[in-house]
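K.L.:
This structure is in structure tokens; I'll ask about it shortly.
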Amino acid sequence: MGTLEHLKAGLRLLALELSPGQERQFTLYRELLLEGNQRANLTAITDPQEVETLHFLDSLTVALAMPRPVPSGYTIADIGAGAGFPGLPLKIALPQIELALVEATVKKTAFLRHVVERLGLTGVTVLTGRAEEMARRPELREAFEMATARAVAELRTLMELALPFCKVGGRAVLLKKGALDDEVGAAATALQEMGGRLAQIQPVPSEVLGGSRALVVVEKVSPTPDRYPRRSGVPARRPM
Ligand code: SAH
């Protein structure tokens, strides 16, 4: 349970390295996750090895879509963070980033706050609430270099939830598995409405986690109109 061999094998391919202190943070995060899972249902993944690969390493693939070296103070919003993915692994591996975790469920944000405290992370803000409402706060709207999300909604819904947080010139990076063409095609209208433009679909090299994973990278090219996102629940219920 102490080693992180599966994580470390993949890191080289992502051009990331961990100090002993960062390895300790990942180990502790895994413990807290497995422990917290017994009380609250945080994640379906309970095998320690799978936490390393399917949570930690998968989250870290977002680094493939970041400017390198990652600038100090680079701001990231993780929308629908759940138990902290992809945001917290990114923060552990790249401590110079400033991270906001947006999550609707109180039980999950309580866990996130606990992890942040136990790992001694600074520059992390945990926000309890729905993205539709958070995106209307002046200090959060168009305030981030990157918005990211994993396993929260289909792409056309995610455009409406994530792009309002991005600065013009920033980007949304969305983790996706499997065939994407239909989903990307269906997101074209939402993308344009929110002020985005598809920059690329970046495949994750199959050596990292096996095949069929990709990052959908969207550039924010113009401000999101004030009417978006629509009321809570509408982006998912009536996707554009
Ligand atoms: N990103 C995490 C969690 C995925 S589960 C991971 O990949 O492991 C989806 C999470 O998104 C849930 O915790 C849910 O509460 C949250 N969520 C869904 N819609 C949301 C919204 N509109 N605003 C904020 N959080 C949302």
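The values are calculated or read from the model by the stated rules, or taken from the named source; none is laboratory data. Since this is a predicted model, take the numbers as computed values, not measurements. A quick note on method: Cβ atoms are made from the backbone with ideal geometry, for glycine too, and the neighbour counts reach across all protein chains shown. Ligands, DNA and RNA are stripped out before the accessible areas are found, and what is left, the full protein with its side chains, is counted by its heavy atoms. Shrake-Rupley method; radii C 1.70, N 1.55, O 1.52, S 1.80 Å.
K.L.:
Net charge within 11 Å of Ala9 by Cβ-Cβ distance, Lys/Arg positive one each and Asp/Glu negative one each, not counting Ala9 itself?
P.N.:
-1
K.L.:
If you don't mind, another one. Given axes a ≥ b ≥ c from the Cα gyration tensor, I'd like to know whether region 1-136 is rounded (a/c under 1.5), prolate (a/b larger than b/c) or oblate.
P.N.:
Cα axes put region 1-136 in the oblate bin.
K.L.:
For the chain, what is the mean residue ellipticity at 222 nm derived from helices alone (per DSSP H run of n ≥ 4: -39500 (n - 2.57); sum divided by total residues; nearest 500 deg cm²/dmol)?
P.N.:
Per the formula, -9000 deg cm²/dmol.
K.L.:
Lys and Arg at +1, Asp and Glu at -1: add these up for the other residues within a Cβ distance under 15 Å of Pro69 and post the number.
P.N.:
-1
K.L.:
Highest first, please rank the peptides 33-39, 174-180 by the mean number of other Cβ atoms sitting within 10 Å of their residues.
P.N.:
Peptide ranking by packing, descending: 174-180, 33-39.
K.L.:
Let me ask another. Using R₀ = 30 Å, calculate the FRET efficiency as 1/(1 + (r/R₀)^6) where r is the Cβ-Cβ separation of Gln49 and Ser222; round to 0.05.
P.N.:
0.10
K.L.:
Taking only protein heavy atoms into account and a 1.4 Å probe, give the accessible area per residue of the chain in Å².
P.N.:
44
K.L.:
Once the piece of chain linking Arg238 and Ser206 is laid out straight, how much longer is it, given 0.36 nm per residue of separation minus the C-alpha distance between them?
P.N.:
Full-extension gain reported as 8.1 nm.
K.L.:
Okay, next question. Can you tell me which of 158-169, 110-121 comes out highest on packing, and rank the rest after it, using the mean Cβ neighbours within 10 Å?
P.N.:
Highest mean packing first, the order is 158-169, 110-121.
K.L.:
Can you give the net charge of the other residues whose Cβ lies under 11 Å from the Cβ of Arg238, counting K and R as +1 and D and E as -1?
P.N.:
The answer is +3.
K.L.:
Would you please give the residues with an amide H less than 5 Å from that of Ala135, counting only those at least 5 places away or on a separate chain, with H modeled from the backbone geometry?
P.N.:
Counting only residues 5 or more places away or on other chains, the set is empty.
K.L.:
Another question about this same structure. Within region 5-237, how many lysine pairs that are 8 or more places apart, or on different chains, have C-alpha atoms less than 23 Å apart?
P.N.:
Lysine pairs meeting the criterion: 14.
K.L.:
What do you get for the angle between helix 106-119 and the principal long axis of the chain? Use alpha-carbon atoms, 0 to 90 degrees, nearest ten.
P.N.:
Helix 106-119 sits roughly 50 degrees off the main axis of the chain.
K.L.:
Oh, and also: Calculate, in whole percent, how much of the Cα-Cα pair population of the chain lies beyond 31 Å.
P.N.:
Roughly 17 percent, rounded to a whole number.
K.L.:
Run the numbers for Glu139 and Ala15: contour at 0.36 nm per residue of separation, minus the present Cα-Cα distance, in nm.
P.N.:
41.4 nm
K.L.:
Please give the helix 20-39 orientation as an angle from the longest Cα principal axis of the chain, in degrees from 0 to 90, rounded to the nearest 10.
P.N.:
Tilt of helix 20-39: around 80 degrees.
K.L.:
Rounded, prolate or oblate for region 133-240? Axes are the square roots of the Cα gyration tensor eigenvalues, ordered a ≥ b ≥ c, and the cut-off for rounded is a/c under 1.5.
P.N.:
Prolate.
K.L.:
What order, most packed first, do the peptides 227-238, 137-148, 193-204 have when packing is the mean number of other Cβ atoms within 10 Å of each residue?
P.N.:
Ranking, from highest mean packing down: 137-148, 193-204, 227-238.
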